[in-house]
1. Mind listing whichever residues of segment 203-223 are over 17 Å from the mean Cα position of the chain (by Cα) and either closer than 13 Å to G193 by Cα or of a type in the set (A, V, I, L, M) (or both)?
2. So, of the residues in segment 163-201 that are surrounded by fewer than 20 Cβ atoms within 10 Å (Cβ to Cβ) and of a type in the set (D, E), which turns out to be nearest to A294 (Cα to Cα)?
3. Which condition from (1) in contact (Cβ under 8 Å) with a residue 40 or more places away in the chain; (2) more than 21 Å from I128 (Cβ to Cβ); (3) among the basic types (K, R) is the one that R281 breaks?
4. Residues that are touching a Leu at 6+ places or on another chain (Cβ under 6 Å) and surrounded by 24 or more Cβ atoms within 10 Å (Cβ to Cβ): does segment 202-215 have at least one?
5. With the requirement that a residue be surrounded by fewer than 24 Cβ atoms within 10 Å (Cβ to Cβ) and farther than 14 Å from H94 by Cβ, what does segment 119-143 give you?
6. Would you check if E36 is over 14 Å from N108 (Cα atoms) and surrounded by fewer than 18 Cβ atoms within 10 Å (Cβ to Cβ)?
7. I'm checking my understanding of the structure. Among residues of segment 224-249 that are over 17 Å from the mean Cα position of the chain (by Cα) and free of Cβ contacts under 8 Å to residues at least 60 places away in the same chain, which one is farthest from A76 (Cα to Cα)?
8. For segment 116-135, which residues satisfy the criterion of being over 17 Å from N180 (Cα atoms) and of a type outside the set (D, E, K, R)?
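Every number here is computed from the coordinates shown, using simple stated rules; none is lab data. Everything numeric in this text was worked out from a predicted model, so none of it was measured. Don't worry about glycine lacking a Cβ; one is built from the backbone with ideal geometry, like all the others, and counts go over all protein chains shown.
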Amino acid sequence: MRLLDESGLLEHLHNIEARDATVDELSLVHDRRYVEAVKRVADEGGGWVDPDTLIMSRSYDAAARAAGGALAGLEAILHGRVEAAFCLLRPPGHHAEPAQAMGFCIFNSVAIAAAAARRAHEIDRVAIVDFDVHHGNGTQDAFYADPSVLYVSTHQYPFYPGTGAATEIGAGAGEGYNINIPLPAGCGDQAYGRAFREIVVPALDRFEPQLILVSAGFDAHFADPLAGQQLSVDGFGALLSMLASSADRSCGGRMLLALEGGYDLVALPWCIRRTLETLLRFPPTPDPLGKVDAPQRASLDSLIRQMKRLHDL
């Protein structure tokens, strides 16, 4: 927020106040007994619920506010108050399964927003693009058999949480609507750009979503301590530009982005600044962090061919 204030970008944005998601809204994705259990653990002082995930006395409040922030952004878009929104949320959400917290995630804010768009706002086709460095297993699980929600994920593989193989393509009526692009460690701007140009964007254009949701994790940045990818701020900007153009073509620019991962406290603010510049169609501020030479030299040709064959792209 300090960087955004200093940049002057905040003057060009509409502030959307977050609210608390209700138990009914959280239960669009999560088992109601799980929601109540999170509240109970928090009220009792907290505890570890997963090797990576600690619930503290205010964790339920924070997670419900995060999910409600995504819902407030969704409502602002669907009621025509804004065209697109970026939700500065923590805790993140895309690892949270229907009845299990994991990977720092308690409630799956993006999945809840997608479910609310379908049920409360009668949107027929929602696309979720997840470029967090980790696979969004919780989001995948929520919609694995649902053809009304297209889930597309780029992620480092094999890596935590162990899911996200290319062959995980959905089940039943949802077969083909789950697209995983498992990238080897060391991929940078060029590899991610190719994956988006040849797989992500064509899949979105074919699906013609009425709304695009983005799990915007910035832990694929080269400075991030939790992974091994080599994206730069400029690289993220290129991906976001492609998503914004796809949203313009398919759904009048309606796109909601929600913060997932990103743990370097210098890189993360600059990635968010670039995100907002992209949404505003402002010229990008030069990236002060620069680029690194991505060490990943292995060709993506085989993976791209496999993806095109699996999904008829």
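1. Scanning segment 203-223 gives a single hit, A223.
2. E198
3. It fails just one condition, (1).
4. Initially, segment 202-215 is screened for residues touching a Leu at 6+ places or on another chain (Cβ under 6 Å), giving 202, 207, 213-214.
In the following step, the residues that additionally are surrounded by 24 or more Cβ atoms within 10 Å (Cβ to Cβ) were identified as 213-214.
Yes, there is a match, as at least one residue in segment 202-215 is touching a Leu at 6+ places or on another chain (Cβ under 6 Å) and surrounded by 24 or more Cβ atoms within 10 Å (Cβ to Cβ).
5. Hits for segment 119-143 are R119, A120, H121, E122, I123, D124, R125.
6. Working: over 14 Å from N108 (Cα atoms): yes; surrounded by fewer than 18 Cβ atoms within 10 Å (Cβ to Cβ): yes.
Considered against the rule, which asks whether it is over 14 Å from N108 (Cα atoms) and surrounded by fewer than 18 Cβ atoms within 10 Å (Cβ to Cβ), E36 comes out as yes.
7. P225
8. Of segment 116-135, the ones over 17 Å from N180 (Cα atoms) are 116-125.
Result: A116, A117, A120, H121, I123.
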